[in-house]
Amino acid sequence: MIAGIDPVVLIASLMAASTPILLAALGELVAERSGVLNLGVEGMMITGAICGFIVAVHTGSPFLGFVAAAAGGAALALLFAFLTQVLLSNQVATGLAATLFGLGLSSLMGQGYSGIKPPPTANVPFGPLAHLPVLGPILFSHDWVLYFSLALVVGTWAFLKYTRAGLVLRAVGENHDAAHALGYRVRLIRTLALAHGGACAGLGGAYLSLVRVPQWTEGITAGAGWIALAIVVFASWRPGRVLLGAYIFGGVSVLQLRLQAAGIAIPVQILSMAPYLITILVLVVMSARRGRAAIGAPAALGRVFHASD
Amino acid sequence: MLTLEKRPNPSRAWAIVTPILAVILTMIAGGLMFAVLGKDPVEAIRTIFWDPLFNAQFASYSRPQLLVKAGPLVLIAVGLSFGFRASIWNIGAEGQYIMGAIAAMGVALAFYPTNYWFVFPLMVLAGAFGGWAWAMIPAFLKNRYGTNEILVSLMLVYVAENIESWMAFGPMRNPQGMGFPGSRNLQQYPAAHNSELIAGTGLHWGVVTAGLAVIIGYVLLKRHIFGFNIQVAGQAPRAARFAGVDPKRLFSLCMGLSGACAGLAGMFEVAGPAGQITDSFNVGYGFTAIIVAYLGRLHPIGILLAGLLMALTYIGGEIAQLSLNLPAAAIQAFQGMLLFFLLGVDVLSNYRIRIKRRAQA
Amino acid sequence: MKRRDFLAGTAATGTVLASGLATQASAAEPLKVGFIYLGVPGDGGWTYEHEQARLKMVKHFGNKIETKVIQNVPEGADAERSITQLCLAGCKLIFTTSFGYMDPTINVAKKFPNVKFEMCTGYKDAPNVSNYGGRFYQGRAVIGNIAGHMTKTNKIGYIATFPIPEVVRGINSAFLYARKVNPKAEMKVVWVNTWFDPPKEADAAQALIDSGVDVLMQHTDSTAAMAKAKDAGILAFGQDSDMMQYAPKPRISSIMDNWAPYYIQRAQDVMDGKWTAKDSWLGIDTGIVQVGEISSAVPAAVKADAMALHDRIKAGTEHVFTGPLNKQDGSAWLKAGETASDGALLGMNFYVEGMTGKLPS
């Protein structure tokens, strides 16, 4: 126990608290690596939250709920992709519009679903392992979505680093004209990356409505999508660091509540702006160290691609 | 197969036709949504677009309110449009708006309750300075270290929101506010109050400034070397450098200008319609202005029209809520649709659609 | 659903009381009543209860009344416009349901002297503005009593929103009454700095649970904390609404805002031409503050003690803040037998003696 806080419990709970932003950030990372800045993450998260909730309640299956959440998030992402990739609209403005639309649509869909309890998402049965001291609560007493999010970190890392598809995706994000000249289908790749990002955001949203809270209330994401965007930057577009970033962002929020519960007074506003200041600092250090050419951000991020032939 | 062919110059005719087309498409899609919700679609659409302007009951009040609501959007969006043209991405206008308001409130509270004539002008300066200074952080970091301004300016929004909340609960809390959070209300401090200039018109100094910004923006863009420089910098950065444009200086100028405009908007809002700094003072003008800037095709006149259209959907949406019992969520979704269509159809003014045999796509 | 039956009961009582007066206006045009909501009815808390009261009002008056609602109205500049639009739409009585609407309400009230305004939890007066609020601290005394009896770890958790008098009063009240029945009871307070953020509320609940709390109270709006309490097998109280879906455990009772009797009464006053501006701080005796059914998880003796306290407060024979009471720092606040004035309660910005932790400023 440190200052009345059990570090084991703290770690276990910050893992659960960080899972929604981790999932959303991992999806956004892939989209940004392909060169698209999607500011609609918040809207896709909340769309996933309600789609997942509705399906889970009606089928009684949290698993089907998560599938529906991924589909819902991906659907909004495909709309975003159609606008930005086919109709070549501005990504920043379209992303903001997608968030607005997602928030409105989700509350329309959710009417009549408040006050209902979704079917519980069970923990993975690890048997005696869950009762191990220290390791038990941290490693062996979570639900399958949390383990999936960790697997997705490894998967995303391996995909980007070792697969040919990952290489192509990064090439598209670095220089779409060159990638196009090499015969890669820039818009198709970006559309797929966006759909994947939307699906992950939807899963993150459903983790809120089906596991963390668990219930449907309008505005349930309460800005989590924006935090996910910050984490991608904090992580300098690397999956491993996304994990670190998500756990730091989630951890700061959990920690400050726990410090209070332990009777330690803390200036709340300063603590809640700390992760953003750290993110800026990380950005500055990264860009200062590596110089202008390689600041970690995909070079084509946010730029419109049009193959002029 | 259909392909897009870039026009050498954006089509003027399409630039006028596309927004109308988008509004019509929104009416169709939105009408369907309203019908699904069990409301008369024609009546709903009429209420949103027509009633704020021409309904005898509401129009005399809501017409001026369009200006009040559009004012900050237009002012911020015009400021942002210069940077956007030069591919300088300040998406933290919301934070600059907050910091401008806080700086102006600081000045007002420092002089409270004196009635010197210079309090208000000083607040204007402080507002512009607050927004400028907040925008110069990403500008400095970009110029010095090459740090991505999109991300820094966005992060600084969250920091500004926390400062705002701290101010509302801490240093700026009204000592006579019965313990509630929030500063003094400047509507009750005449020297600092940004009041209506002509009663019943909604015109306050912020709306006037937004109008001036449109005019100055137009002149700068069309008649001034600055406008030329940003166009070149946006379209051909290397050519701009050969033409003697200092990219760092241009970057600072554009960021600072947009920050100052956002700060001014925050200042006029806190001194006028809002009146006080609370932890819910900022309602998203800085983000909405980004959409407005694009809807207006980054052109000052277009931005003016786009700002008014956005304001119309807000105010018409409220009237639809109270007279048709439409839920707020339906209005939000409707606005989202409108933005999607407006952004989507813009492709027609920049590109030609050609039917082609499949080449080496 | 149990909640419905409970509410239907109260609505029926209201009907009996008011039906004698309601006959004369039936032929005339319906009275238009406007509502401004901070959130949406789907929040399950604050706005939900105002919406329930509105629905009961509609049910009570039938076609003698017509209600108009605008949801999601931010506090500040937008509120003034929304309230004005309700006036323009012909509303003669308008309920503005959040503290941040106070200054806008006063501003609009000046322009529409013939419209009556009801401002929830405000304090500024005008000839056509009434302030109304609930003495929720009375209800919190009762649930504090239950909590004191029920805690085995002697640690009671409290999820607090913002350090404002309303919240501080609730904490003090609950703490005093928990201590009265359990001298070892301790109150652990976590400030979340939001009224509504389900994930954060859940985190705060979990943090308190992990620190050894076995009874949980909240001032936040959503049922997120309730869900955590259920998983942890501890006890909790509903807030704003009854949260009956979590009975009998973890929800062992609740503190509810039931605005319906007041809303019905005020509408009736307008119909009868008897409406006058007044400040009402309504307690348990008026039915506005309700303690929800105490569930079967609570032993009969505890239930009886809590109900006895409830009845004493209701009858006015016991004042929650009665001396001798000291402030947290040990300085004297109330002498023996002295009761706190409403003014002192409305500005309460300190913990009472015995509270641990520091009140954020």
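The values are calculated or read from the model by the stated rules, or taken from the named source; none is laboratory data. None of the values given here were measured: they were computed from a predicted structure. Virtual Cβ from ideal backbone geometry, glycine too; neighbours counted across all protein chains shown. Side chains are part of the model used for accessible areas, which takes the heavy atoms of the whole protein and leaves out ligands, DNA and RNA. Shrake-Rupley method; radii C 1.70, N 1.55, O 1.52, S 1.80 Å.
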Inset, instruction - Please verify whether region B:238-254 includes one or more residues that are crowded, with 24+ Cβ neighbours inside 10 Å, in the same structural domain as B:ASN90 (by TED's automatic domain parsing) and in contact (Cβ under 8 Å) with a residue 40 or more places away in the chain. - result: yes
Legend entry - Residue in region A:60-83 that is facing chain B (nearest Cβ under 9 Å), assigned to a helix (DSSP H, G or I), open to solvent by 30 Å² or more (accessible area, probe 1.4 Å) and closer than 30 Å to B:ILE91 by Cβ present: yes
Legend entry - Residues of region C:313-337 satisfying the condition of being charged (D, E, K, R) and surrounded by 15 or more Cβ atoms within 10 Å (Cβ to Cβ): C:LYS314, C:GLU318, C:LYS327
Inset, instruction - Please enumerate the residues belonging to region A:251-270 that are more than 9 Å from chain B (Cβ to nearest Cβ), on the phi < 0 side of the Ramachandran plot and either outside any helix (DSSP H, G or I) or at pLDDT below 80 (or both). - result: A:ALA262, A:ILE264, A:ALA265, A:ILE266
Inset, instruction - From (1) closer than 24 Å to A:LEU79 by Cβ; (2) more than 14 Å from chain A (Cβ to nearest Cβ), pick out the condition that doesn't hold for B:TYR294. - result: (2)
Inset, instruction - Please verify whether region A:189-209 includes one or more residues that are open to solvent by 10 Å² or more (accessible area, probe 1.4 Å), within 14 Å of chain C (Cβ to nearest Cβ) and part of a helix (DSSP H, G or I). - result: no
Inset, instruction - Inspect region B:175-193 for any residue being within 25 Å of the chain's Cα centre (by Cα) and open to solvent by 50 Å² or more (accessible area, probe 1.4 Å) and give the result as yes or no. - result: yes
Inset, instruction - Consider only pairs whose beta carbons are under 8 Å apart and that are at least six residues apart or on different chains; among these, list those whose first residue lies in region A:85-110 and is more than 7 Å from chain B (Cβ to nearest Cβ) and whose second residue is open to solvent by 10 Å² or more (accessible area, probe 1.4 Å) and outside any helix (DSSP H, G or I). - result: A:GLN85/A:PHE305; A:GLN91/A:GLY302; A:GLN91/A:VAL304; A:SER106/A:GLU218; A:GLY110/A:GLU218
Legend entry - Residue that is farthest from the other protein chains (Cβ to nearest Cβ) [pool: residues in region B:171-204 that are in contact with a helix residue (DSSP H, G or I) (Cβ under 6 Å, 6 or more places away or on another chain) and in a helix (DSSP H, G or I)]: B:ALA191
Inset, instruction - Check B:GLN57 against each of (1) outside any loop (DSSP other than H, G, I, E, B); (2) within 12 Å of chain C (Cβ to nearest Cβ) and name the one condition it does not meet. - result: (1)
Inset, instruction - Scan B:ALA160, B:ALA168, B:ALA135, B:ALA128 and give me the residue that is more than 8 Å from chain A (Cβ to nearest Cβ), open to solvent by less than 30 Å² (accessible area, probe 1.4 Å) and more than 17 Å from B:GLU269 (Cβ to Cβ). - result: B:ALA135
Legend entry - Qualifying positions in region B:1-16 - in contact with a Phe, Trp or Tyr (Cβ under 9 Å, 6 or more places away or on another chain) and open to solvent by 90 Å² or more (accessible area, probe 1.4 Å): B:LYS6
Legend entry - Scope region B:314-347; condition polar (S, T, N, Q) and away from chain A (no Cβ under 11 Å); matching residues: B:GLN321, B:SER323, B:ASN325
Inset, instruction - Would you mind finding the one in B:SER87, B:SER81 that is polar (S, T, N, Q) and either more than 22 Å from B:ILE301 (Cα to Cα) or assigned to a loop (DSSP other than H, G, I, E, B) (or both)? - result: B:SER87
Inset, instruction - Run C:ILE106 past the list (1) of a type outside the set (Phe, Trp, Tyr); (2) assigned to a helix (DSSP H, G or I); (3) open to solvent by less than 10 Å² (accessible area, probe 1.4 Å); (4) not assigned by TED's automatic domain parsing to the domain that holds C:ASP311 and report the number of the one that doesn't hold. - result: (3)
Inset, instruction - Count, please, the residues in region C:194-231 that happen to be hydrophobic (A, V, I, L, M, F, W, C) and within 8 Å of chain A (Cβ to nearest Cβ). - result: 8
Inset, instruction - Go through region A:259-281 and give me each residue that's farther than 16 Å from B:TRP166 by Cβ and over 24 Å from the mean Cα position of the chain (by Cα). - result: A:LEU259, A:GLN260, A:ALA261, A:ALA262, A:GLY263, A:ILE264
Inset, instruction - For A:TYR247, state whether it is under 20 Å from A:TYR147 (Cβ atoms), at pLDDT 85 or above and surrounded by fewer than 23 Cβ atoms within 10 Å (Cβ to Cβ). - result: yes
Inset, instruction - Only residues that are touching a residue at least 12 places away in the same chain (Cβ under 8 Å), out of contact with any Leu (no Cβ under 7 Å at 6 or more places or on another chain) and part of a helix (DSSP H, G or I): list them for region C:261-297, please. - result: C:PRO261, C:TYR263, C:ILE264, C:GLN265, C:ILE284, C:ASP285, C:THR286
Inset, instruction - Could you list all residues from region B:24-42 that are crowded, with 16+ Cβ neighbours inside 10 Å and away from every other protein chain (no Cβ under 13 Å)? - result: B:MET27, B:GLY31, B:PRO41
Inset, instruction - Sort through C:LEU55, C:LEU38 and tell me the only one that's open to solvent by 30 Å² or more (accessible area, probe 1.4 Å), under 16 Å from C:MET119 (Cβ atoms) and of a type in the set (A, V, I, L, M). - result: C:LEU38
Inset, instruction - Please go through region A:252-267 and pick out each residue that is open to solvent by 20 Å² or more (accessible area, probe 1.4 Å) and among the hydrophobic types (A, V, I, L, M, F, W, C). - result: A:VAL252, A:LEU255, A:LEU259, A:ALA262, A:ILE264, A:ALA265, A:ILE266
Inset, instruction - Note down all Cβ pairs under 6 Å where the first residue falls in region B:315-340 and is free of Cβ contacts under 8 Å to residues at least 60 places away in the same chain and of a type in the set (A, V, I, L, M, F, W, C), the second is part of a helix (DSSP H, G or I) and open to solvent by 20 Å² or more (accessible area, probe 1.4 Å), and they're at least six residues apart or on different chains. - result: B:ALA329/A:LEU108
Inset, instruction - Using the structure shown, decide if C:LEU346 is open to solvent by 50 Å² or more (accessible area, probe 1.4 Å) and under 19 Å from the mean Cα position of the chain (by Cα). - result: yes
Legend entry - Only listed residue being crowded, with 24+ Cβ neighbours inside 10 Å and in contact with a strand residue (DSSP E or B) (Cβ under 7 Å, 6 or more places away or on another chain), chosen from C:GLY133, C:GLY157, C:GLY148, C:GLY170: C:GLY157
Legend entry - Meets criteria (over 17 Å from B:GLY284 (Cβ atoms), away from chain A (no Cβ under 12 Å) and out of contact with any Lys or Arg (no Cβ under 6 Å at 6 or more places or on another chain)) for B:TYR97: no
